[in-house]
Amino acid sequence: SVVVRRDGVDHEELMPERRRQGTTLGPVSGRVLAAANARASDIQAVAVGIGPGSYTGVRVGVTFAKTLAFTLEVPLVGLSGLMALAHDARDRGPRVAVMAPGHRTRVYGAVYRTDRSIPELERPIDLWDRDVLLAGLGDITVVGGPESSPRVHAATLARLAEAWLDDGRSASDP
């Protein structure tokens, strides 16, 4: 999805799942800018999800974001979709294990502390056996799993990137 945050309001359009991202990303971005009554020159920073996800989809999104940020000379912040999912689940507990389908029975996963404005990694993003990722964690909120992963919202990535830069952290080059 594509989002423009303007005056605290998210203007977002969902993109079709895994189809023609390369040809739809530009027009969708234009429509979202128009809906926000904004122009490309109004963009102050660009956020992009860096995975996990469809290999082609992540490459297309990162390339578009890097090109946009470079052209507009604005900061680029690449963030994990797992971090965004943890952020969205922060009201469910101070620690969140987030998983997305991986290879066979394994998951791409991480554990985050969510009792701060930007989720903090407790167990690193990696390809895990689900039980190993959760071992010894006790009562913890679990989001996603080996069979399904919730949708990462561009609005969450935008809010996290805004908090990231407001916190004085540097832009990142995905």
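A Cα-only calculation for the stretch 73-173 places Rg and Dmax at 13.6, 45 Å. Against the chain, whose longest principal axis comes from its Cα atoms, helix 154-166 is set at around 90 degrees.
Separation of the stretch 128-174 and the stretch 76-105 by C-alpha centroid, Å? The stretch 128-174 and the stretch 76-105 have Cα centres separated by 2 Å. Basic side chains Lys and Arg get +1 at the Cβ, acidic Asp and Glu get -1 at the Cβ, and with that the dipole of the chain about its Cα centre reaches some 480 debye. Once the Cβ-Cβ distance of residue 10 and residue 122 is raised to the sixth power relative to R0 = 30 Å, the FRET efficiency obtained is 0.60.
Net length available on complete extension from residue 115 to residue 92 is 7.2 nm, with 0.36 nm assigned per residue and the Cα-Cα distance removed. Sorting 125-133, 165-173 by their mean Cβ neighbour count within 10 Å, with the most densely packed peptide first, gives 125-133, 165-173. With protein chains left intact and a 1.4 Å probe, residues in the chain average 56 Å² of accessible area per residue.
D by Stokes-Einstein for the stretch 1-113, Kirkwood Rh over Cα pairs, 4 °C, 1.567 mPa s: 84 µm²/s. If R0 is taken as 35 Å, the Cβ-Cβ distance between residue 67 and residue 147 corresponds to a FRET efficiency of 0.50. At a 1.4 Å probe, what is the % contribution of carbon and sulfur to the accessible area of the chain? Percent of accessible area from carbon and sulfur atoms in the chain: 50.
The values are calculated or read from the model by the stated rules, or taken from the named source; none is laboratory data. The shown structure was predicted, so the numbers you read here are calculated from the model rather than taken from an experiment. We place every Cβ from the backbone using ideal geometry, glycine too, and count neighbours over all the protein chains shown. For accessibility, only protein heavy atoms count, side chains too; no ligands or nucleic acids. Shrake-Rupley method; radii C 1.70, N 1.55, O 1.52, S 1.80 Å.
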